[in-house]
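The structure under discussion appears below in the form of structure tokens.
The values are calculated or read from the model by the stated rules, or taken from the named source; none is laboratory data. Everything numeric in this text was worked out from a predicted model, so none of it was measured. Cβ coordinates were reconstructed from backbone atoms using ideal geometry, including for glycine residues, and neighbour counts include every protein chain displayed.
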Amino acid sequence: MGKYWNEEIECMAHEDMKKLQSERLVKQVKHVWDNVPYYKKLMEEKGVTPDDIHGIEDLHKLPFLSKADLREAYPYGLLAKPLSECVRIHSTSGTTGKRVVAFYTQHDIDLWENCCARAIVAAGGTKDDVCHVAYGYGLFTGGAGLNGGSHKVGCLTLPMSSGNTERQIQFMQDLGSTILCCTPSYAAYIGETVKEMGIKPEELTLKAGIFGAEPWTEEMRHEIEKLLGIKAYDIYGLTETSGPGVAFECEAQSGMHINEDNFIAEIIDPDTGEVLPEGSKGELVFTSITKEAFPLLRYRTRDICILTREKCSCGRTLVKMCKPMGRSDDMLIIKGVNVFPSQIESVLLKISKASPNYQIVVDRVNNSDTFEIRVELNDDMFSDTVKSIEDLEKKISNDIHNILGIKAKIRLVEPKSIPRSEGKAVRVIDKRKLV
Ligand code: DLL
């Protein structure tokens, strides 16, 4: 096995990829028109039929699909194959009332697992590796996706799921795990626990990590790499498009290659829906051109991102997406101001080199928003004088004010007092929504 899982596709000339995408798009549009009345109606409303779609140059004619459509069509309204041909479902947790159920035929599972195999091979994985999968198993796509990819590559697969961190570390040591797959926040937690247990990174056999499912910064990457003695790779995906593996990072660690033979990516202006040129920042939209059971066309992810076709040193020609820069819908509006958690993280990162553990708590008292940021003290910040703690609170508060134009109450809390996560980290507690 070489450097690529599928060299022909991963290094295909852009013109050839456009041809392949065009052929697949034309077929896919016909498939949904014939089999999904919900789509047919959306297309009719926009005045388009499959005859109008000759290739990717016509993609812009198709209607967008949003999370609201998925909710409306729940559970079977977007299904494009008979249920008897489906072999699996996955779903998001639905904690904010936005449950998404995705269906897969065996063909869809194979495509998905191949996408994950590409990610594992790009992270240096071969059949000689021991792939430790600590993403959650179950309805969440993380465990199943990486598990399937690891099988395809031929790694010895450890289906650990998340949780029971000391046992995870024990298995890593006993079975010689070489690749760790989990959320970045869980990787950081495992790293902290390894340190607390008095184990040095070089005593572990880990060489790489494949981390995704939530936003994480370059600083966090460096920290995890140091704690675990590995090279850390990003991986992106969403339940709606099958799960992890829509895009994956290569050794260049400078953005994620999108599996363009399966997904056409566009960047749009989230307000007007206008398609933006390469290099623009906007909302990421995906069209799945190979999935049979749940083929979403022009699905608005709400992830804010930039695409680039700059030549990559790894030799892959697949377009690259940057790390998602926030979501247009997890934007908080506090005292009328748009606030992204990533803006707060960037302030905290300037103050401490270590990636911060923090929580944003928003509430409404007497019709007015309250905004508190709990920041866990770490070794970089720790001090035993009350004065320097007060100074630190003041500095964070001023920096936040400079960036957002509103004041936040800063509460420095003791190390380890913000609950650690074994899955996606919970950064925002918005009590206003509970009322
Ligand atoms: O998180 C799928 C996944 C599992 C991806 C394992 C990577 C690894 P959902 O639960 O549906 O699916 O959440 C999808 O998570 O729209 C992004 O906002 C966010 N997300 C996923 N990967 C990344 C990443 C899985 N690498 C939503 N960086 C997406 C930042 C990410 N955000």
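Values for this structure:
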read-out: Residue that is touching a residue at least 12 places away in the same chain (Cβ under 8 Å) and within 16 Å of the ligand (Cβ to nearest atom), where the choices are 183, 178, 193; value: 183
read-out: Subset of segment 315-333 (residues that are out of contact with any helix residue (DSSP H, G or I) (no Cβ under 8 Å at 6 or more places or on another chain) and among the β-branched types (Val, Ile, Thr)); value: 319, 333
read-out: Of residues in segment 203-220 being charged (D, E, K, R) and modelled with pLDDT under 95, the one farthest from the ligand (Cβ to nearest atom); value: 219
read-out: Residues of segment 19-56 satisfying the condition of being charged (D, E, K, R) and surrounded by 16 or more Cβ atoms within 10 Å (Cβ to Cβ); value: 24
read-out: Identity of the residue in segment 258-297, in contact with a Gly (Cβ under 7 Å, 6 or more places away or on another chain) and without any contact (Cβ under 8 Å) to a residue 24 or more places away in the chain, that ends up surrounded by the most Cβ atoms within 10 Å (Cβ to Cβ); value: 276
read-out: Residue, nearest to residue 122 (Cα to Cα), within segment 283-321, restricted to residues that are part of a loop (DSSP other than H, G, I, E, B) and either charged (D, E, K, R) or at pLDDT below 95 (or both); value: 316
read-out: Given (1) free of Cβ contacts under 8 Å to residues at least 60 places away in the same chain; (2) more than 23 Å from residue 70 (Cα to Cα), index of the condition residue 89 fails; value: (2)
read-out: Near pairs, Cβ below 9 angstrom, 6+ apart or cross-chain, from segment 386-407 (without any contact (Cβ under 8 Å) to a residue 24 or more places away in the chain) to any residue that is of a type in the set (Val, Ile, Thr); value: 393/375; 393/410; 394/410; 397/373; 397/410; 402/347
read-out: Which listed residue is in a loop (DSSP other than H, G, I, E, B), out of contact with any Leu (no Cβ under 7 Å at 6 or more places or on another chain) and in contact (Cβ under 8 Å) with a residue 24 or more places away in the chain, from 369, 330; value: 330
read-out: Qualifying positions in segment 261-280 - within 21 Å of residue 22 (Cα to Cα) and out of contact with any Pro (no Cβ under 9 Å at 6 or more places or on another chain); value: 261, 262, 263, 264, 265, 266, 268, 274, 275, 276, 277, 278
read-out: Residue match in segment 72-86 (condition: among the polar types (S, T, N, Q), in contact with a Phe, Trp or Tyr (Cβ under 8 Å, 6 or more places away or on another chain) and surrounded by fewer than 16 Cβ atoms within 10 Å (Cβ to Cβ)); value: no
read-out: Contacts under 7 angstrom Cβ, first residue in segment 1-13 being touching a residue at least 60 places away in the same chain (Cβ under 8 Å), partner of a type in the set (D, E, K, R) and part of a helix (DSSP H, G or I), 6 or more apart; value: 4/10; 5/118; 6/118; 10/118
read-out: Check on residue 272, within 21 Å of residue 88 (Cα to Cα) and of a type in the set (S, T, N, Q); value: no
read-out: Identity of the residue in segment 236-273, acidic (Asp, Glu) and within 14 Å of the ligand (Cβ to nearest atom), that ends up farthest from residue 183 (Cα to Cα); value: 240
read-out: Residue that is farthest from the ligand (Cβ to nearest atom), among those in segment 221-235 that are in a strand (DSSP E or B) and in contact (Cβ under 8 Å) with a residue 60 or more places away in the chain; value: 231
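For (1) among the aromatic types (Phe, Trp, Tyr); (2) outside the structural domain of residue 253 (by TED's automatic domain parsing); (3) part of a loop (DSSP other than H, G, I, E, B), each residue gets a yes or a no:
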position: 323; (1), (2), (3): no, no, yes
position: 342; (1), (2), (3): no, yes, no
position: 350; (1), (2), (3): no, yes, no
position: 360; (1), (2), (3): no, yes, no
position: 397; (1), (2), (3): no, yes, no
position: 400; (1), (2), (3): no, yes, no
position: 406; (1), (2), (3): no, yes, yes
